[in-house]
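As structure tokens, the structure follows; a few thoughts come after it.
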């Protein structure tokens, strides 16, 4: 897990990139009704503004809120995996709430049907975002993070 502000920025950026790409891919498939090799490219080209917005939301809004609620459920002395899962779950709840506002605006605009469109968008995205975060983005990000920031070895090698 990140120990410095720079590490937190990098960790959040990696997670946000993976999540935004996969969720953009998912929403592109929903919007177009088709899934081809070209869909991967369309999602990659179309994700960058959302990536910046989602990164900023994750770093400044969702992460502090998620940690606040996670540590109401788990304690710092609990097993690290329970702490990680609690933070991930609350992060997804917050991020999908924020990203769905962006999605509704992008897909429908702010109309009189905003609330039904928002609720439908939230539900559609949440059911994909949660397993993607827990089983794909989270593990990949932690693995990449460990490669980039190897833990200092405290044992003396003989």
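All of the numbers you see were taken from the coordinates with simple rules; none came from a lab. Owing to the predicted nature of the structure, the values given are computational and were not obtained by experimental measurement. Every residue, glycine among them, receives a Cβ derived from its backbone with ideal geometry; neighbour counts consider all protein chains shown.
Couple of notes before you dig in:
- Helix 5-32 axis, angle to the chain major axis (alpha carbon atoms, nearest 10°): 30 degrees
- Relative contact order of the stretch 5-148, taken over Cα pairs closer than 8 Å and 6 or more residues apart, is 27 percent.
- Counted over all Cα-Cα pairs of the chain, pairs farther apart than 26 Å make up 31 percent.
- Neighbour counts of C-beta atoms inside 10 Å place 112, 100, 32 in the sequence 112, 32, 100, starting with the fewest.
- Structure remark: mean-square fluctuation, Gaussian network model of the chain, C-alpha springs under 10 Å; the largest value among 117, 37, 125 belongs to 37.
- Principal axis dimensions, largest first and in whole angstrom, of the stretch 1-70 by Cα: 41, 23, 19
- If R0 equals 35 Å, the separation of the Cβ atoms of residue 149 and residue 127 corresponds to a calculated FRET efficiency of about 0.60.
- In range of the label at residue 113: residues from the stretch 17-37 whose backbone nitrogen is under 18 Å from the point 7 Å along Cα→Cβ: 30-33
- Extension gain from residue 45 to residue 105, taking 0.36 nm per residue of separation minus the Cα-Cα distance: 19.7 nm
- Shown is the FRET efficiency for residue 134 and residue 38, computed with R0 = 41 Å from the Cβ-Cβ distance and rounded to the nearest 0.05: 0.90.
- Residues of the stretch 91-125 with amide N under 16 Å of the 7 Å Cα→Cβ point at residue 71: 91
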